[in-house]
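The values are calculated or read from the model by the stated rules, or taken from the named source; none is laboratory data. This structure is a prediction, so every number in the text was calculated from the model and none was measured. All Cβ positions, glycine included, derive from the backbone under ideal geometry; neighbour counts span all protein chains shown.
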Amino acid sequence: MNDLIYNQRDIPKEEHRYGLRASANVGCGWVATYNALRLLGYHTDIDELIRYYEWQLPLIHGNAGTSFWGPAVCFRQWGFPVEVVVNRQRFDEAAKRADVCVLFYRWRNKCKLGAHFVALHHTDRGVVGYNTYRNSTGPDAYGESLDGFLRQKNYFGAVLIAIRNKQ
């Protein structure tokens with residue numbers, strides 16, 4: 001892997017287990033946190049980050065993924081200014097003010113329901129996300145508007161965690 005994780009499915013199943021499951025299946029929360037830290041210029045040990053998230057939900061231990069509030073708790077505890085935004089119409093403004101964001105959303109595909117985390121940031125060319133799709137191989141362009149991207153994909157239940165770097 002390079003400095004960023006572009007696709008959690010590339011993580012070998014035996015490596016970086018999240019609870020009893022492979023991070024390739026349920027690791028999007030810690031992957032988004034790791035990518036956000038890297039985008040902010042910080043290094044972290046992946047296994048320590050996973051243990052931190054497993055500790056957050058002691059009975060679940062990551063087997064069901066990460067709670068939607070998990071990254072906000074982490075970044076606040078680590079001293080980063082954090083803004084949690086639940087109104088999608090305010091996502092674009094918040095993303096422009098932030099240095100990096102972690103986006104949580106729910107998706108539905110026929111009878112299947114799921115959730116996903118991605119790290120993203122606003123650039124001069126629009127919003128760029130990391131670990132967005134099953135076939136991602138690099139940064140993913142979201143276009144000019146996060147709300148538009150979520151609407152186009154029919155993603156719902158979104159929460160944006162806008163993070164500014166430490167002063």
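Among the residues of region 6-41, write down those that are in contact with a Phe, Trp or Tyr (Cβ under 6 Å, 6 or more places away or on another chain) and either among the aliphatic types (A, V, I, L, M) or assigned to a helix (DSSP H, G or I) (or both).
Result: Val26, Cys28, Gly29, Trp30, Ala32, Asn35.
Scan (1) over 16 Å from Asn35 (Cα atoms); (2) not in a loop (DSSP other than H, G, I, E, B) for the single condition Ile161 breaks and write down its number.
Failed condition: (1).
Hey, any hits in region 98-106 for a residue that's surrounded by fewer than 16 Cβ atoms within 10 Å (Cβ to Cβ), closer than 26 Å to Tyr52 by Cβ and not hydroxyl-bearing (Ser, Thr, Tyr)? I'd like the intermediate steps shown before the answer.
Here is the first cut: in region 98-106, the residues surrounded by fewer than 16 Cβ atoms within 10 Å (Cβ to Cβ) are 106.
Checking the rest, the ones that are also closer than 26 Å to Tyr52 by Cβ come to 106.
Applying the additional criterion that residues be not hydroxyl-bearing (Ser, Thr, Tyr) yields 106.
Yes, region 98-106 has at least one match.
Just to be sure I understand, how many residues within region 121-150 are touching a residue at least 60 places away in the same chain (Cβ under 8 Å), out of contact with any Phe, Trp or Tyr (no Cβ under 8 Å at 6 or more places or on another chain) and farther than 25 Å from Gly70 by Cβ?
1
Going by what's in this entry, would Thr66 be described as surrounded by fewer than 18 Cβ atoms within 10 Å (Cβ to Cβ), at pLDDT below 95 and touching a Phe, Trp or Tyr at 6+ places or on another chain (Cβ under 7 Å)?
Values: surrounded by fewer than 18 Cβ atoms within 10 Å (Cβ to Cβ): no; at pLDDT below 95: yes; touching a Phe, Trp or Tyr at 6+ places or on another chain (Cβ under 7 Å): yes.
Taking the combined requirement at face value, the residue does not satisfy it.
Restricting to region 18-55, name every residue that is surrounded by fewer than 18 Cβ atoms within 10 Å (Cβ to Cβ), over 21 Å from Leu103 (Cα atoms) and either in contact (Cβ under 8 Å) with a residue 12 or more places away in the chain or in contact with a Cys (Cβ under 6 Å, 6 or more places away or on another chain) (or both).
Leu20, Arg21, Asp47
So for region 9-19 (the condition being of a type in the set (A, V, I, L, M), at pLDDT below 80 and under 17 Å from the mean Cα position of the chain (by Cα)), does at least one residue qualify? Spell out the reasoning first.
Step one: of region 9-19, the residues of a type in the set (A, V, I, L, M) are 11.
Checking the rest, the ones that are also at pLDDT below 80 come to none.
No, region 9-19 contains no residue that is of a type in the set (A, V, I, L, M), at pLDDT below 80 and under 17 Å from the mean Cα position of the chain (by Cα).
Please go through region 3-47 and pick out each residue that is among the hydroxyl-bearing types (Ser, Thr, Tyr) and within 22 Å of Val73 (Cα to Cα). First the steps, then the outcome.
Residues of region 3-47 that are among the hydroxyl-bearing types (Ser, Thr, Tyr), as a first pass: 6, 18, 23, 33-34, 42, 44.
Those that are among the hydroxyl-bearing types (Ser, Thr, Tyr) and within 22 Å of Val73 (Cα to Cα): Tyr18, Ser23, Thr33, Tyr34, Tyr42, Thr44.
Determine which single condition Asn165 fails, assuming it passes every other condition in (1) surrounded by 22 or more Cβ atoms within 10 Å (Cβ to Cβ); (2) out of contact with any strand residue (DSSP E or B) (no Cβ under 7 Å at 6 or more places or on another chain).
The single condition Asn165 does not satisfy is (1).
Taking the residues in region 100-126 that are under 14 Å from the mean Cα position of the chain (by Cα) and among the aliphatic types (A, V, I, L, M) as candidates, determine which candidate is modelled with the lowest pLDDT.
Step by step, filter region 100-126, then rank; the result is Ala115.
Is there any pair linking a residue in region 57-78 that is farther than 14 Å from Tyr18 by Cα to one that is part of a helix (DSSP H, G or I) and modelled with pLDDT under 80, with Cβ under 7 Å and at least six apart or on different chains, and which?
Pairs that qualify, where the first residue is farther than 14 Å from Tyr18 by Cα and the partner is part of a helix (DSSP H, G or I) and modelled with pLDDT under 80, are Gly70/Gln56; Val73/Gln56.
Counting only residues that are at pLDDT 95 or above and not aliphatic (A, V, I, L, M), which one in region 158-167 is farthest from Glu83 (Cα to Cα)? Quick ask: steps written out before the conclusion?
Here is the first cut: in region 158-167, the ones at pLDDT 95 or above are 158-165.
Now restrict to residues that are not aliphatic (A, V, I, L, M): 164-165.
Numbers: Arg164: 9, Asn165: 12 Å.
The extreme case among them is Asn165.
Among the numbered criteria (1) surrounded by 15 or more Cβ atoms within 10 Å (Cβ to Cβ); (2) small (Gly, Ala, Ser); (3) more than 14 Å from the chain's Cα centre (by Cα), which one does Gly79 miss?
Here Gly79 meets the rest and fails (1).
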